[in-house]
1. To the nearest 10 degrees, how steeply does helix 120-130 sit against the main Cα axis of the chain, on a 0 to 90 scale?
2. Given that compact globular proteins tend to follow 2.2 N^0.38 Å, what is the ratio of the alpha-carbon Rg of the range 3-108 to that value?
3. If you fit an axis through the alpha-carbon atoms of helix 18-28 and take the longest principal axis of the Cα set of the chain, what angle between them do you get, 0 to 90°, nearest 10?
4. Could you check what % of the DSSP bridge pairs in the chain are antiparallel, to the nearest 5?
5. Once you treat every alpha carbon in the chain as an equal point and sum by Debye, what is log10 I(q)/I(0) at q = 0.06, 0.10 Å⁻¹?
6. For I273, I204, which order do you get if you count the other beta carbons within 10 Å of each Cβ and list the fewest first?
7. So for the chain, averaging the separation of alpha carbon pairs under 8 Å that are six or more residues apart and normalising by length, what relative contact order in percent results?
8. Please work out the FRET efficiency for the pair R260 and R147, using the Cβ-Cβ distance as r and a Förster radius of 30 Å; give the result to the nearest 0.05.
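FYI, it's all coordinate maths here, none of it is from the lab. The structure displayed is predicted, hence computed values, not measured ones. Ideal geometry is used to build each Cβ from the backbone, glycine not excepted, and the neighbour counts take in all protein chains shown.
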Amino acid sequence: MTRAARDGQGAVVLGSDYKALGIVRSLGRHGIPVWVLRDEHSLANWSRYTRRSVAWPSASEADRVAFLLDLGRNHALDDWALFPTDDETAALLARNRDELSERYLLTVAEWQALRWAYDKRLTYRLASELGIDHPLTRFPHDSDDVRCFDGRYPAILKPAIRADANRFTTSKAWPAGDNASLVARYEAACALVDPRLIMIQEQIPGDGDAQLSYAALCSDGTPIASLVARRTRQWPMDFGRASTYVETIEAPDVERNATRLLDALRFDGIVEIEFKRDARDGRLKLLDINARVWGWHSLGRRAGVDFPYLLWQLVNGERIVALRGRPGVRWVRALTDIPVSLGEVLRGRMSIAKYLASLRGPIEFAILAADDPLPAIVEVPSAMYLACSRRVRDPEVHRARPLAASSSGGAPR
């Protein structure tokens, strides 16, 4: 147990999905008290390491900041660390750093750095300035601009930010196979978000095994602990909304490009930088920067890089030795990986023997844990309840979201 934990300092996790569960377990296993601010998800609430669960209000940014300050004042949570679990809560903490830091320790980068990850228009601008490849991206002003799209098909429409939940922003992207469908989907998206937030991109071909990530804990742009991973299986396989099976690997070019971005931002905190290797030219293309925990972050613990705990140590002023995740470690989320793998077997793209071999250790299960079994027991009924409640509450937003993607975590990376 660290000095800060002995002094009673803990953490508040903003959200209760399976990413939050990974944070709770990471900290709780080190004796750190953890509170969860629960949203519509439930897995983290069931963990033995969750000391207390409090409803996280669906409210304006100002009201949520006031809620956090009241919570800290009423329960003497001075110097507890705040951990976001999605882009919006990370942005909320960064934008309100001055006010919140009077009570809490913040685990996110300064807004000046984080905004380059939050707003994808800035992400691709930064990549262009640094000479880092990314998919051809256009920012149309109207339907005429969309008709003149000069990229290859299939293309995708993406929101630059996802501040408001609707059927466009809750999807990772809307694909279009030709110009007519691209225009139609653009016009549908314009009815849901500010047209200035809509981007068009070429879709990089390939499955998850071409998608590579660099994950790191950084201080002033310098990685302290890091690993590289491959998204071997994803849901769906051809255009993944969520990772289902991830492996740590060695990939020097991924690390090289990622560290250039981090250095330019002088980034602090944890981050995942996603690339895809384009089979047409063999080059890495930047897809995304996630400046908060990502879907498979708990893989790090099994690979020797326990990201949430290391981040907690960093914000508490503890000394951290340089760490590098070892290759050959796997992470799997069974609820989504089993149907994905079954589909691959039925299509003749994977044998049962190969699937079973992929489950050999060292392996970290996203939900199943011998020391914390209850989340795995409630995962399926929780997923069913969440999917049904979403469809009843807002069928327009969630009409195309299958159960597996809905399960206690939305559509994280």
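1. The helix 120-130 is inclined about 80 degrees to the chain.
2. So the range 3-108 has a normalised radius of gyration of 0.97.
3. For 18-28 against the chain, the angle is about 30 degrees.
4. In the chain, DSSP labels about 65 percent of beta bridges as antiparallel.
5. -0.22, -0.66
6. Fewest-to-most ranking of I273, I204: I204, I273.
7. Over the chain, the number comes to 17 percent.
8. That pair, R260 with R147, gives E of 0.25.
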